[in-house]
1. Go through the range 94-107 and report how many residues are over 18 Å from Asn240 (Cβ atoms) and surrounded by 15 or more Cβ atoms within 10 Å (Cβ to Cβ).
2. Could you check the range 154-171 and list, in sequence order, the residues that are over 16 Å from Phe237 (Cβ atoms), of a type outside the set (A, V, I, L, M) and modelled with pLDDT of 80 or more?
3. So which residues in the range 59-93 are crowded, with 18+ Cβ neighbours inside 10 Å and more than 22 Å from the chain's Cα centre (by Cα), if there are any at all?
4. Given the criterion touching a strand residue (DSSP E or B) at 6+ places or on another chain (Cβ under 8 Å) and crowded, with 20+ Cβ neighbours inside 10 Å, identify the matching residue among Ser149, Ser174, Ser226.
5. Inspect all residues belonging to the range 199-206 and state whether any of them is at pLDDT 85 or above, within 23 Å of the chain's Cα centre (by Cα) and under 14 Å from Asp231 (Cα atoms).
6. Return the residue satisfying two criteria in turn: it lies in the range 114-132 and is of a type in the set (A, V, I, L, M), at pLDDT 95 or above and over 18 Å from Leu37 (Cβ atoms), and of such residues it is surrounded by the fewest Cβ atoms within 10 Å (Cβ to Cβ).
7. Can you pull out the residues in the range 15-59 that are touching a residue at least 40 places away in the same chain (Cβ under 8 Å) and on the phi > 0 side of the Ramachandran plot?
Amino acid sequence: MSLKRGLTALVGIPVLVVIVHQGVVAVFLLLLIVCSLAILEFFNMLDAHFYKYQKNPGLVFNILLLAAFYLQSQTGIHFPVFVITVSLMVFLLGAVLSGELTEMFVYVSTTMLAVLYTGGLAGYIILLRGLHSSGESLVYLLLITTWFSDSFAYWVGTGFGKHKLAKDISPNKSWEGAAAGLAAAVIGAMLWREVTCSGIFGALNLNLEVLRPAQCAFIGLLIGVSGQLGDLAESLFKRNAGVKDSGEILPGHGGILDRCDGLIFSAPVLYYYIKFIGLS
């Protein structure tokens, strides 16, 4: 691990833990900032390939979509669906008013993709935090499991990777690294459950006894797979745009999307699994 990468984690992780502990409002406000930066990174990648898009409407609806996720966490009403519907109509109207003829499909679809990829995926972290009985611990579960998977995939892939996983998309990723990341995700998920059940956190209400060990192992498997798919998806965006990193805002890590690609891909997977097993 590089010094810059380590220092960024040393500062960022405690801040993130404090914000998540404060509650769903704090998580929502954090994501407003993070996703605004993330969608700007996405637009910058589009600029690198000279794709056209609707910047200001995209920024506005990215914020509105996150607000809709927050309202859903408080009311149970599916406001994100409404915002997505309206955003598509507005993007189409923008294309009509602009008189864009040659690249209308790109003009609308790139903007819609930017909003759905950033706020549309990250918004599920708000819903996870809004689960009253165990929301805080589930967000930590998502973070820890993703970090375990990312870190071990990187270390093993760098040191022992011989067989390329997807050389045309991300030449540095290997099957050895992917397998290590998957195993680490399962271990990380089960380890977090055991730590919370040990009583070490006292009255912080982080206990995950409601999840059986087998369920936690399966969550690790889900996050291990979905996180690596998210990583490959972002690598494909970068490969198409011809850039190495999505940005430079995080020293040693690149951009927001470089750091959060697996996390935002895994958030909806974890949320729907938790809803499927009836935990809230």
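1. Residues of the range 94-107 that are over 18 Å from Asn240 (Cβ atoms), as a first pass: 94-102, 104.
Then drop every residue that is not surrounded by 15 or more Cβ atoms within 10 Å (Cβ to Cβ), which leaves 94-95, 100, 104.
Going through the range 94-107 one residue at a time, the tally reaches 4.
2. Taking the range 154-171 and keeping what is over 16 Å from Phe237 (Cβ atoms), we get 154-165, 167.
Within this subset, residues satisfying the condition of being of a type outside the set (A, V, I, L, M) are 154-155, 157-164, 167.
Residues satisfying the conditions are Tyr154, Trp155, Gly157, Thr158, Gly159, Phe160, Lys162, His163, Lys164, Lys167.
3. If the condition is that a residue be crowded, with 18+ Cβ neighbours inside 10 Å and more than 22 Å from the chain's Cα centre (by Cα), then Phe91 is the only one that fits.
4. Working: Ser149 fails: touching a strand residue (DSSP E or B) at 6+ places or on another chain (Cβ under 8 Å); Ser226 fails: touching a strand residue (DSSP E or B) at 6+ places or on another chain (Cβ under 8 Å).
When all the criteria are applied, what remains is Ser174.
5. Of the range 199-206, the ones at pLDDT 85 or above are 206.
When the remaining residues are screened for being within 23 Å of the chain's Cα centre (by Cα), the result is 206.
Applying the additional criterion that residues be under 14 Å from Asp231 (Cα atoms) yields none.
Scanning the range 199-206, I find no residue that is at pLDDT 85 or above, within 23 Å of the chain's Cα centre (by Cα) and under 14 Å from Asp231 (Cα atoms), so the answer is no.
6. From the range 114-132, those of a type in the set (A, V, I, L, M) are 114-116, 121-122, 125-128, 131; that's our starting set.
Still in the running and at pLDDT 95 or above: 114-116, 121-122, 125-128.
Next, from what is left, pick out any that are over 18 Å from Leu37 (Cβ atoms): 127-128.
Details: Leu127: 23, Leu128: 25.
The selected residue is Leu127.
7. Gly23
For (1) in contact (Cβ under 8 Å) with a residue 24 or more places away in the chain; (2) under 16 Å from Gly262 (Cβ atoms); (3) small (Gly, Ala, Ser), each residue gets a yes or a no:
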position: Trp192; (1), (2), (3): yes, no, no
position: Val195; (1), (2), (3): no, no, no
position: Gly199; (1), (2), (3): no, no, yes
position: Ala203; (1), (2), (3): no, no, yes
position: Val210; (1), (2), (3): yes, no, no
position: Ala214; (1), (2), (3): no, no, yes
position: Ile219; (1), (2), (3): yes, yes, no
position: Gly227; (1), (2), (3): yes, yes, yes
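The values are calculated or read from the model by the stated rules, or taken from the named source; none is laboratory data. Please read these numbers as outputs of a predicted model, since none were measured by experiment. Cβ sites come from the backbone with ideal geometry, for glycine too, and all protein chains shown count toward neighbours.
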